[in-house]
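Shown next, in structure tokens, is the structure this report addresses.
The values are calculated or read from the model by the stated rules, or taken from the named source; none is laboratory data. For clarity, every value in this text was computed on a predicted model and none was experimentally measured. Positions of Cβ are backbone-derived with ideal geometry, glycine not excepted, and every protein chain shown enters the neighbour counts. Each accessible area value is taken on the protein alone, full model and side chains, heavy atoms only, with ligands, DNA and RNA left out. Shrake-Rupley method; radii C 1.70, N 1.55, O 1.52, S 1.80 Å.
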Amino acid sequence: MDGSSDAKPKRAYRSAVREESARRTRQAVVAAAADLFVSGGYGATSLADVAARAGVARPTVFAAFGSKPALLRQVLDEALAGDDEPVPVAQRPWFRPVWEADTQAGVLDGYAGVCTLIGGRAARIFETVRRAADDNEEVAQVWETLLRNRRRGAAMVVERVRGLGPLRYGSDVERAIDVVWHFNDPAHYDALVTRCGWSENDFRDWLSEQLTGGLLGAPRRGRGAT
């Protein structure tokens, strides 16, 4: 052999090592940014601060993410999904209870579990974004995207529930989506678990009850109705 066949595997190996090293660096930067954004606020945190916390040079952070808003979006994406794999939330294993349930209440209970899991990872960074949106146009756009994505998730769940039976509000699908969109807000987790000290199991049970009552419970009659 002339040795040329040995060169390609070595290059591939070196490439894999570099890719894994780059991924670990990105993970360290994202973890540092998440911690600093939550603890110190988005506006008060610079890319230099993130680089110092992650143990890398500032140009490394800029090369990996391009800007602070882009880094914030990555922090949010990983908080929602749980990792940096390019797999949509609805296709994650922990979302399966929503798809596999064969009753309306089962779908909503499964979704309560999803919201509890996401709340534990993302509630504080959501609150950080909400606060920063008042003073930063780019962050305001990120916040509006979060609101729209939450509503799309709510619509997806409502369609799943509708496929198994009637809804409390009949054909008023938008009203049903409003209800789910209200309750899938991670702010509820932050208020009841983080601040009030509820257990995650208690929170999930409460959320399941709210979703079930909101979408399936009998509508209340107005005052004076007979």
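For the range 23-51: of the residues being open to solvent by 20 Å² or more (accessible area, probe 1.4 Å) and not in a helix (DSSP H, G or I), which is farthest from Ile125 (Cα to Cα)? Looking at the filtered set, the residue picked out is Ser46.
Of the residues making up the range 109-144, those that are of a type outside the set (Asp, Glu), over 23 Å from Thr194 (Cα atoms) and either buried (at least 16 other Cβ atoms within 10 Å of the Cβ) or touching a Leu at 6+ places or on another chain (Cβ under 9 Å) (or both) are Asn136, Val139, Val142. In the range 151-161 there is no residue matching the filter, namely being part of a loop (DSSP other than H, G, I, E, B) and either in contact (Cβ under 8 Å) with a residue 24 or more places away in the chain or closer than 21 Å to Gln91 by Cβ (or both).
Of everything in the range 52-79, what is farther than 22 Å from Glu127 by Cβ, under 24 Å from the mean Cα position of the chain (by Cα) and either surrounded by 19 or more Cβ atoms within 10 Å (Cβ to Cβ) or small (Gly, Ala, Ser) (or both)? Give them in sequence order.
The initial filter retains those residues of the range 52-79 that are farther than 22 Å from Glu127 by Cβ, namely 52, 54-64, 66.
Going one step further and asking which of them are under 24 Å from the mean Cα position of the chain (by Cα), we end up with 54, 61-62, 64, 66.
Ala54, Val61, Ala64, Gly66 - these are the residues of the range 52-79 that are farther than 22 Å from Glu127 by Cβ, under 24 Å from the mean Cα position of the chain (by Cα) and either surrounded by 19 or more Cβ atoms within 10 Å (Cβ to Cβ) or small (Gly, Ala, Ser) (or both).
Scanning the range 171-181 for residues that are open to solvent by 40 Å² or more (accessible area, probe 1.4 Å) and over 15 Å from the mean Cα position of the chain (by Cα) yields Ser171, Asp172, Glu174, Arg175, Asp178.
Taken together, Thr103, Thr116 contain a single residue that is under 26 Å from Asp202 (Cα atoms), in contact (Cβ under 8 Å) with a residue 60 or more places away in the chain and within 14 Å of the chain's Cα centre (by Cα), which is Thr116. Examine the range 81-92 for a residue that is among the polar types (S, T, N, Q), assigned to a helix (DSSP H, G or I) and free of Cβ contacts under 8 Å to residues at least 40 places away in the same chain, and state whether such a residue exists. Looking through the range 81-92, at least one residue is among the polar types (S, T, N, Q), assigned to a helix (DSSP H, G or I) and free of Cβ contacts under 8 Å to residues at least 40 places away in the same chain. Residues in the range 96-106 that are in a helix (DSSP H, G or I) and either out of contact with any Gly (no Cβ under 9 Å at 6 or more places or on another chain) or farther than 19 Å from Val179 by Cα (or both): Arg96, Pro97, Trp99, Glu100, Ala105, Gly106. On the given criteria, is Ala7 at pLDDT below 80, open to solvent by less than 50 Å² (accessible area, probe 1.4 Å) and assigned to a helix (DSSP H, G or I)? Criteria met by Ala7. The one condition from (1) more than 22 Å from the chain's Cα centre (by Cα); (2) in contact (Cβ under 8 Å) with a residue 60 or more places away in the chain that Tyr42 does not meet is (1). Taking residues in the range 181-197 that are within 16 Å of Ala112 (Cα to Cα), and partners anywhere that are part of a loop (DSSP other than H, G, I, E, B), the pairs with Cβ atoms closer than 8 Å and at least 6 places apart or on different chains are Leu192/Trp198; Val193/Ser199.
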